[in-house]
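Bear in mind these aren't lab numbers, they're just calculated from the coordinates by the rules spelled out. Here the structure is a predicted model, which means the values were calculated and not measured. When we count neighbours, we look across all protein chains shown, and the Cβ atoms used for this are built from the backbone with ideal geometry, even at glycine.
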Amino acid sequence: MKQLIFSLVFIPFILSGQDITFSEDYSIRNDVAYYLIENVGGSFILFRDIPRDYKIHLMDDKMMDAGEVPIEFQFKNPKIFDVLKARANEFSVVYSAKKKGTRYLCIENFDRFGVMQDSLTVLAENNLYETFNYQIEKSQDETKALIYSTKFDKTIDAIMVDVKNLKVLWSKTFDQLDINQLFQIKELIVSNNGDLCIVLLKDNSNINKKKTRFELYTLRPNSEELQFISVPTKGKLSSSSKFVFDELNNSLVGGGLYSEKNTIRAQGLFYVNIPFIQPDSFKLRFIKFSEEFLEEYLKKRNVGDNTGIASTEIRDIVLRKDGGVLLMGEKIESKIRGGASIPVGFSFQENIKADYYYDQVFISSIHPDGEEHWTEIIQKKQYSFDDGGIYSSFYQFVSNNGIHLLFNDEVRNQSTISDFTIKGNGEYKRRAIINTIGINIKLRVRDALQTSANEIIIPSQYRNKLKMVKFNF
């Protein structure tokens, strides 16, 4: 499931051997949010969160509209947190609502006709002095969801829910995590089995870099105690990082950018692999950027030992079957008018007057032992303003013939969409898969939804119109 907003008219056509299908247009002038849900009883579903008017649109395999259905919840005026696809023929809505002085946190399951099948009250509380400030982290298959709130006293209230079976697995308050500042909390990640890992980054400054470390607190299913492991970074600083569960190889893996002197400019990559069975036997490797990489990425000559890359974030980790990873980084900058900076991902970005720059992407393939396999740079240059950067960046998905990277060549309604197909040895081929001139679409590529090994759906949001575009590769 993906959260988005779009519009389209049924127009199948082929470009460079590419099958592309459009849905009809949907006016989203009053929508709060929308969600894409794949294959619910054979239908593709668009769930729309409109104040006091919740509805779904059904579409067939040709993206033709097959009907509109209103959605009614047990409580009035719900605040939608997320819409998940944990069951074969149903979708699950996670929301909060207030009734007679009590706040409720609920999950309700619906079929494709909008009929509620069953529900779960996750939480009911009478403390009206605290706001319902919960966030959700879900597993890759969306069967498990962590609903949590991080408080100013540096405690974390968390509930793990089995969404598929509508069951609360546990409810805990984590108040002994040795958190000094909230910014030390980097990630909370959830596995398909219901594992939880809380990732902290401590002493990540040049003053204390000899003590810089990741602290990982892991809670396994059917366990009552957190398992703790410290991963010292050997005097190096982390400027960006990401961790994921590798369930095929029964481990937790992470990767990121490291810096020698400060977190502004990174000199290389790091990779860590932590096996579940013996977490203390983790592997940590550092890979310094080559001169060739720095010259191409920075577009400059005469690089030195202290040269690094700035304004770059780890965006995705793709797991290899052998236990290795592909790290994907992207150069991102955002500036409010007048030169101030704002963090990418800020929830109100679309209402801020700012310039957004999303430029080149690098991909590094790393073996399970931490050795570099290959590194490639994908050149792009995206600029937009006052749009929150929603049309920028890229979407990666795995198909039968390799990994694909899709992105708008330019952020405007008349542009082309490029597809880089990358093979296992790092070789890649670029092609244009669609030209948007004359068809009034503007694709939110980052919000695409992969529905099969050779099919993705990308939302288009253009002039308060929402449209879905389906690509068959």
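Annotations
- The convex hull of the Cα atoms of the range 122-196, projected and averaged over all directions, covers 5.4 nm².
- Projected onto planes of every orientation and averaged, the convex hull of the alpha-carbon atoms in the range 33-135 covers 6.5 nm².
- Debye-sum result for the range 339-473 in log10 I(q)/I(0), which assumes one identical scatterer on each alpha carbon, at q = 0.11, 0.17, 0.22 Å⁻¹: -0.44, -0.98, -1.38
- Reciprocal of mean inverse Cα separation for the chain (Kirkwood radius, Å): 23.7
- Extension reserve of the His367-Leu248 stretch, reckoned as 0.36 nm per residue once the Cα distance is removed: 41.3 nm
- Between Gln135 and Lys321, the simple label model (points 7 Å from Cα in the Cβ direction) yields a spacing of 3.5 nm.
- Rel. contact order, % - alpha carbon contacts under 8 angstrom, at least six apart, the range 317-473: 14
- With R₀ set to 51 Å, the beta-carbon distance separating Phe113 from Arg412 gives a calculated FRET efficiency near 0.80.
- Within the range 433-463: backbone nitrogen closer than 12 Å to the Asp19 label point (7 Å, Cα to C-beta): 454-456
- Phi angles across the range 100-112 convert, under the Karplus curve 6.51 cos²θ - 1.76 cosθ + 1.60 with θ = phi - 60°, into 3J(HN,Hα) values of 6, x, 10, 9, 10, 10, 10, 10, 10, 9, 10, 8, 6 Hz, Gly and Pro given as x.
- Neighbourhood charge, 13 Å Cβ-Cβ cut-off, centred on Thr21 and excluding it, Lys, Arg +1 and Asp, Glu -1: -3
- The relative contact order of the chain, computed from alpha carbon pairs under 8 Å that lie at least 6 residues apart in sequence, is 11 percent.
- Fraction of C-alpha pairs exceeding 22 angstrom in the range 222-361: 49 percent, rounded to a whole number.
- Taken about its Cα centre, the chain carries a charge dipole of roughly 1020 debye when the Cβ of each Lys and Arg holds +1 and the Cβ of each Asp and Glu holds -1.
- Under the convention that each Lys and Arg Cβ holds +1 and each Asp and Glu Cβ holds -1, the size of the dipole of the range 134-285 around its Cα centre is about 760 debye.
- Intensity falloff of the range 152-304 expressed as log10 I(q)/I(0), Debye formula with alpha-carbon point scatterers, at q = 0.10, 0.14, 0.17 Å⁻¹: -0.42, -0.76, -1.02
- Within the shell of other residues whose beta carbon sits under 14 angstrom from the beta carbon of Gly41, the net charge comes to -2, with Lys and Arg scored +1 and Asp and Glu -1.
- 5 angstrom amide H check on Gln360, placed H, neighbours 5+ away: Lys331, Lys380
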